[in-house]
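Enquirer: Got a structure for you, questions after.
The values are calculated or read from the model by the stated rules, or taken from the named source; none is laboratory data. These numbers were taken from a predicted model, which means no experiment stands behind them. In this analysis, Cβ positions are derived from the backbone assuming ideal geometry, glycine residues included, and neighbour counts consider all displayed protein chains.
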Amino acid sequence: MARIPLLQMNGISLTFGGDPIFDGLDLVVQPGDRVALVGRNGSGKSTLMKVMAGLVEADRGDIVVPPGVSVGYMEQEPDMSGFATLGDFASASLQPGELYKVERAGEGLKFDPARSVETASGGERRRAALARLMAEAPELMLLDEPTNHLDIEAIAWLEAELSSTRAAFVLISHDRAFLRALTRATLWIDRGMVRRQEEGFSAFEAWRDKIWSDEDVARHKMDRKIKSEARWAVEGISARRKRNMGRVRALGELRAERSSMIKRQGSAAIEITAGPKSGKKVIDAKNLAKAFDGKEIVQNFSLTVQRGDNIAFVGPNGVGKTTLIKMLMGQEEPDEGTVVLGTNLVPAIFDQSRAQLDPDMSLWDSLTGDPDMRVSGKADQVMVRGNPKHVVGYLKDFLFDERQARAPVRSLSGGEKARLLLAKLMARESNLLVLDEPTNDLDVETLDLLQELLDDYDGTVLLVSHDRDFLDRVATTTVAMEGNGRATVYAGGWTDYQSQRGDAQPEKVMKSKPKAEKAKQEKAQKEGLSFTEKHRLETLPSVIERLQAEIAKLEEFLMDPDLFTKEPVKFQKATDALVERHTAVADAEEEWMMLEEKAEQSQS
C-alpha cells in the first residue's frame, strides 16, 4: 500500500531578482523521512525550507500538505512580541496539561522558561523556538541550523531526541557528526537544481564528488568536440568550397549547450599568512583562579602553550571558555596565579558575537573603514597581508559578488557574516589565532578549507567550538571545562578527550605533542599505510593530472588531418605516446583507488 506523502511540491519556481533560485522543482517528503538539506552558503537552503513551511510564496507551482498533517518550522529569528517570557512563547500552542514538555525541552536545551523576552539573547530566543517545536511534536519538522548556539551537551540531547522520534524531519546543519548520526536521505541544492539521494549525509561527499567528476568529464569531451568541429569549419569548408550548413548549425548548438553549463562556485580563496615567528613558548599560565559573582570559572589551572599548538576549549555554554581565553591572552586579570606571554606575538581574533561587524555598514565600508586594512589615498583598495588589493576583488575571494559590495552587513546570512569576518581576519599577518566559534553557519566546503588552512598554519591557535568533527580535525590539545572551576587538559581532539576522560584524573595535566608530530601519528593510525604508500597516495592526484594534461596536448596535436601524410614518423611517435599515457592514467587511477580503499578499511 502506497504511503501518503506528508508534503509534496510540484513545479516550484522562485526568483528573487536575477537568476531563478529554483525552477520546476518537484519534491516529496514521506512519513519517517530523515533528510539532510545541504548546499553552499547562499544556495537557497533556508529559502527552500521557508517555501516548504508556507512562509515564502513561490512564483509558480503547488505545495500539497494532506488534511490533518502538521508541519512545524524552527524560526531563525522568532517573533516573540506579545509574550512576556520565553516559556510563554514556547508553550503558546500547548494545552495546560502539556506544559511539562517545554520544561523538559528547556532542561535539555539549557534555556530558562522564566527568562524575560526583552532581556533574552538571540541564542536563548532560538533555543526557545526549538523547544517550542520539539514540544509541539508535529508530523514533519523543518529544522534550520538547530545546533547553532547549542553547546555539545545540548547537541547530544537534541540528537538523542531526534533519533528516537517517529516524526519526519528535514534538517539544515553544518555539524557533520550531527548529520551523519541522524539522516537517511540527502537533498543537495546546487546551482538552482535540487538532487535527492536515498542515503544519509555520510555518503554525501562521495556522491557530490562523483557528480562533479562526471560534469568535468562531460565538459572536457564537449570542449574537445567543439575544438574539432571548429577546426573542420575553418579548414574543411575552404577545402571543399561548399559549406555543410547542417554541420555548422550543429557547431553553433554545441557552443550554446556548452555556454549553458552552469559553472560551479569555487571555494573561498582564504589564505592565512603567518607573521614573524613568535617565541617557542607562547603562553605560560600557572595556578590560575577566577570567579564571577561567586561562580568559579577555573581553580588552580595551569597550561603551557608552545608555538604550533592548536588548543581547543570545550564545555557547556556559560562555563567560562571565553573568559579563560581572555585571561590567557592577558585581556582579563585572574584572581590568583600568573600568565606570562611569549615574545613577538601578533594575534588575530575571530569574535563569536561578530561584534567587529557593524550591521548598518556596507561590506565595502566594513573593509575599507578598518584601520588595519585602509590604504592611504585609495578609497577602493584594502591592504591584504601587506599588499594593496581592490576591495571588490578581495570580496570575490570570499565568494561575495559585486552587487553585495554596497549592501549592508545586516542583509547577509549567518554564513556570509562569518566569511566577511574571516576576510577581515585573514587580511593581516598573525602568529596567534584566537577563534571563538568560527564554524557557526559555514558550509561544508568552507569548513574543509578552514581546517586545511589551520593544519598548515605556521603559528598557534586557540579555538572554541562545539563542532565535534571540526575539533577532531584541528585540535592537538583539548581543555575540557566541566564547571565548578574544573578545567582539565587532554591530548588530542574531541574523540581523544572522550576516550581518555574515563581513566584520567581531573587534576592531571597532560602535555600535548607538537602539532606536526601528532598530525603524522594520527594520519598513520587512521590510514594504516606504510610511509611509501602514504606518500604515493598523496602524490598520485598530481601525477594523474599531469598525465591528463599530456593526453590533451597529444590529442590536439593528432587532430591535424595532414599530420599522417606529411609527418608519418611524428604521427607514429605521438600515437604511441598517447597509448602509453592512457595506460599510465588507468594504472595510476587503479593504484589510487586501491590505496584509498585500504586507508578507508583501516579507518573503519
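Enquirer: Considering only segment 286-307, I want to know if a residue exists there that is touching a Lys or Arg at 6+ places or on another chain (Cβ under 6 Å), outside any strand (DSSP E or B), modelled with pLDDT under 95 and surrounded by fewer than 22 Cβ atoms within 10 Å (Cβ to Cβ).
Expert: Yes: segment 286-307 contains one or more residues that are touching a Lys or Arg at 6+ places or on another chain (Cβ under 6 Å), outside any strand (DSSP E or B), modelled with pLDDT under 95 and surrounded by fewer than 22 Cβ atoms within 10 Å (Cβ to Cβ).
Enquirer: Determine, yes or no, whether residue 162 is touching a residue at least 12 places away in the same chain (Cβ under 8 Å) and buried (at least 22 other Cβ atoms within 10 Å of the Cβ).
Expert: So residue 162 does not fit the description; no.
Enquirer: Another question about this same structure. Kindly state which helices (runs of 4 or more DSSP H) lie completely within segment 40-131 and contain at least 1 residues that are within 30 Å of residue 445 (Cβ to Cβ).
Expert: By residue number, 45-53, 100-109.
Enquirer: Name, by its number, the condition in (1) exposed (fewer than 15 other Cβ atoms within 10 Å of the Cβ); (2) in contact (Cβ under 8 Å) with a residue 60 or more places away in the chain that does not hold for residue 386.
Expert: The one condition residue 386 does not meet is (2).
Enquirer: So, in segment 370-396, exactly how many residues are farther than 13 Å from residue 425 by Cβ, among the acidic types (Asp, Glu) and within 28 Å of the chain's Cα centre (by Cα)?
Expert: Final tally of qualifying residues: 0.
Enquirer: Pairs please, first residue from segment 178-196 and farther than 27 Å from residue 156 by Cβ and touching a residue at least 40 places away in the same chain (Cβ under 8 Å), second anywhere and in a helix (DSSP H, G or I) and charged (D, E, K, R), Cβ atoms under 9 Å, 6+ apart in sequence or on different chains.
Expert: Once the first residue is farther than 27 Å from residue 156 by Cβ and touching a residue at least 40 places away in the same chain (Cβ under 8 Å) and sits in segment 178-196, its partners that are in a helix (DSSP H, G or I) and charged (D, E, K, R) give 189/45; 190/208.
Enquirer: Also, quick follow-up: Taking the options 547, 563, name whichever one is assigned by TED's automatic domain parsing to the domain that holds residue 536 and crowded, with 16+ Cβ neighbours inside 10 Å.
Expert: 547
Enquirer: While we're here: Residue by residue through segment 165-175, note down the ones that are of a type outside the set (Gly, Ala, Ser) and either surrounded by fewer than 20 Cβ atoms within 10 Å (Cβ to Cβ) or more than 19 Å from residue 313 (Cα to Cα) (or both). Before the answer, list the steps.
Expert: Residues of segment 165-175 of a type outside the set (Gly, Ala, Ser): 165-166, 169-172, 174-175.
165, 166, 169, 170, 171, 172, 174 - these are the residues of segment 165-175 that are of a type outside the set (Gly, Ala, Ser) and either surrounded by fewer than 20 Cβ atoms within 10 Å (Cβ to Cβ) or more than 19 Å from residue 313 (Cα to Cα) (or both).
Enquirer: Restricting attention to segment 580-604, which residues are farther than 12 Å from residue 548 by Cα and of a type in the set (A, V, I, L, M)? Walk me through how you get there before you give the answer.
Expert: We begin by selecting, within segment 580-604, every residue farther than 12 Å from residue 548 by Cα; these are 587, 590-604.
Listed by number, the residues that qualify are 593, 594, 595, 599.
Enquirer: Could you check how many residues of segment 367-423 are on the phi > 0 side of the Ramachandran plot and not charged (D, E, K, R)?
Expert: 3
Enquirer: Say whether the condition of being at pLDDT 90 or above and crowded, with 19+ Cβ neighbours inside 10 Å is met by at least one residue in segment 349-361.
Expert: no
Enquirer: Next up: Looking at segment 61-119, which of the residues that are more than 17 Å from residue 140 (Cα to Cα) and among the β-branched types (Val, Ile, Thr) is surrounded by the fewest Cβ atoms within 10 Å (Cβ to Cβ)?
Expert: 119
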